[in-house]
Amino acid sequence: MAYQQCIKAGRFLTEKEMKSLLEQLFLCQTPNATPSGKSIFIDYPLWQLEQLFA
């Protein structure tokens, strides 16, 4: 289901499409994982980002 509807590599999205995708993502019950359990994003605290890029 989800894989059939994915956006293929190399496809450019408009800003409107990107915003719509993010809005739909955060309406999900588990927005941080795919149906198969793979992570979509990782939430880093600011202090950890500062350490990584300082």
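The values are calculated or read from the model by the stated rules, or taken from the named source; none is laboratory data. Being a predicted model, the structure only gives us computed values, none of them experimental. As a convention, Cβ positions derive from the backbone with ideal geometry for all residues, glycine included, and neighbour counts pool all protein chains shown.
A count restricted to segment 15-41 and to residues that are under 11 Å from the mean Cα position of the chain (by Cα), in a loop (DSSP other than H, G, I, E, B) and among the hydroxyl-bearing types (Ser, Thr, Tyr) stands at 1.
Contact map, segment 25-54: residues that are within 23 Å of residue 6 (Cα to Cα) paired with residues that are part of a loop (DSSP other than H, G, I, E, B) and of a type in the set (Phe, Trp, Tyr), Cβ distance under 8 Å, separation 6+ or inter-chain. Pairs shown: 32/41. Would you check which residues across segment 1-24 are modelled with pLDDT of 85 or more and either touching a strand residue (DSSP E or B) at 6+ places or on another chain (Cβ under 6 Å) or surrounded by 10 or more Cβ atoms within 10 Å (Cβ to Cβ) (or both) and list them? Listed by number, the residues that qualify are 13, 17, 18, 19, 20, 21, 22, 24. When the residues of segment 42-54 are filtered to those that are outside any helix (DSSP H, G or I) and not aliphatic (A, V, I, L, M), which remaining residue is surrounded by the fewest Cβ atoms within 10 Å (Cβ to Cβ)? Taking the candidates together, the pick is 43.
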